[in-house]
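*Asks:* Attaching a single structure in structure tokens format; questions to follow.
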Amino acid sequence: MKNVNRSLIVVIILSCFILFSCSNDNNLVGPNVNFDQNLIGEWFLIDSLNFDYPSPEYNFNGFQINKNQSRITLGIETITGKIVVNQYPRIDSIISANNGKIIIKYSYEFYAFNDTLDYSINNNKLVIGDQYYSQTYTKTNLNTSLFNPINSDVSVKIDSIIKNNMKIFSFPSAFLSKKSASNILLIVNLHSASIAIEIDSFNGVGVYNIPYQKAAYYVFYSDFISRYLSDSTFSAKLTIEQYDETNNVCNGKFSFDAYEVYSQLNQKIEFREGSFSVPIYK
């Protein structure tokens, strides 16, 4: 009799287990109904930089949306011209995306906020924006070649720490802008910072004193920018070793000190052993 009771208990337990399993099968978690799966993939658009001096011909804007509802920024690998994930990608969260409305959560160092936008997808085009503006993105894939490879390399010791220009960016992150026959501007984009050096007496290959406050260093924080400017033309030098407009390349070196503009402490930063090989825009 005890064996019969034990068998009955086992049958009941198994029946409950099967019933529970079937119940779970009937309620399997499917795709998030608040997330439009058609958004998954890589999207990009290309517009102009709109600088007031000669600059690269493209400004890439792209992002990847994945099944985890993350929005990850993309860039162009300058040396290959291919679409890749940024070196320091910005990762935002998509709260929901359906019925033509997308809510994106942007997270910054000290704060976060949500933005609600309209969107529509037609074949390989994504239109996203609000009542004031909209942008049209084209669907693509990682490692797609969009541009010709460009050599854009800068190395510099900033307070004895070696820094390099961004290798993945919205456009070539370091370049020489020829503003006029005698005026050149070297632009270098670093991670969360940039350098700008201007020479207004340019005459080809040679050594130039950087004019007072014509070398600038900007450090970008989430809510403000620190600005440093060069002091003396005697300690600030830019050397042009090669300037070739035919092959579109400029090589050289630089060195200077810069002081913080808005600080009472007058903090100094040293830039040493700067070297560059960059494209020329004119």
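Here, each number is a calculation from the coordinates, and none is a lab measurement. No experiment lies behind these values; they were computed from the predicted model shown. Ideal geometry is used to build each Cβ from the backbone, glycine not excepted, and the neighbour counts take in all protein chains shown.
*Asks:* How long is region 131-282 along each principal axis, judged by its Cα atoms, biggest number first, in Å?
*Replies:* The Cα atoms of region 131-282 stretch 52, 42, 31 Å along the principal axes, largest first.
*Asks:* Rounded to a whole number, what is D in µm²/s for the chain from Stokes-Einstein with the Kirkwood radius over alpha-carbon pairs (37 °C, 0.692 mPa s)?
*Replies:* For the chosen part, D equals 145 µm²/s.
*Asks:* Along each of its three principal axes, how wide is the spread of alpha-carbon positions in region 37-140, in whole angstrom units, largest first?
*Replies:* So the three principal-axis extents are 41, 35, 27 Å.
*Asks:* Something else now. Taking every DSSP beta bridge that has both residues in the chain, what percent is antiparallel when rounded to the nearest 5?
*Replies:* Of the beta bridges lying entirely in the chain, close to 95 percent run antiparallel.
*Asks:* Okay, moving on. For a 22 Å ceiling on Cα separation, which of these pairs sit above it: K163/K282; K82/K167; K82/K178; K82/K253?
*Replies:* Over 22 Å apart, Cα to Cα: K163/K282; K82/K178; K82/K253.
*Asks:* Right, here's the next one. So, by mean Cβ neighbours within 10 angstrom, what's the order for 233-245, 77-89, 127-139 with the highest one leading?
*Replies:* Result, highest mean Cβ count within 10 Å first: 77-89, 233-245, 127-139.
*Asks:* Mind giving me the FRET efficiency for T136 and V261? R0 is 51 Å, r the Cβ-Cβ distance, nearest 0.05 is fine.
*Replies:* That gives a FRET efficiency of 0.80.
*Asks:* Enter the angle in degrees (range 0 to 90, nearest 10) between the Cα long axis of helix 2-25 and the first principal axis of the Cα atoms of the chain, meaning the one along which they spread out most.
*Replies:* 40
*Asks:* Each residue of region 156-172 in order: what ³J(HN,Hα) in whole Hz does its phi give by Karplus 6.51 cos²θ - 1.76 cosθ + 1.60, θ = phi - 60°, with x for Gly and Pro?
*Replies:* Those phi angles translate into 7, 8, 9, 6, 6, 9, 6, 10, 10, 5, 5, 8, 10, 7, 6, 7, x Hz.
*Asks:* Per residue of region 107-124, in order, report the coupling 6.51 cos²θ - 1.76 cosθ + 1.60 (Karplus, θ = phi - 60°) as ³J(HN,Hα) in whole Hz, putting x for Gly and Pro.
*Replies:* For region 107-124, the Karplus-derived couplings read 10, 10, 4, 10, 7, 9, 8, 9, 10, 9, 10, 8, 8, 8, 10, 9, 6, 9 Hz, x marking Gly and Pro.
*Asks:* Hey, what do the phi angles of region 74-88 turn into as Karplus ³J(HN,Hα) couplings, whole Hz, using 6.51/-1.76/1.60 and θ = phi - 60°, x for Gly and Pro?
*Replies:* 3J(HN,Hα) across region 74-88, in whole Hz: 10, x, 9, 6, 4, 6, 10, x, 9, 7, 9, 6, 4, 4, 10.
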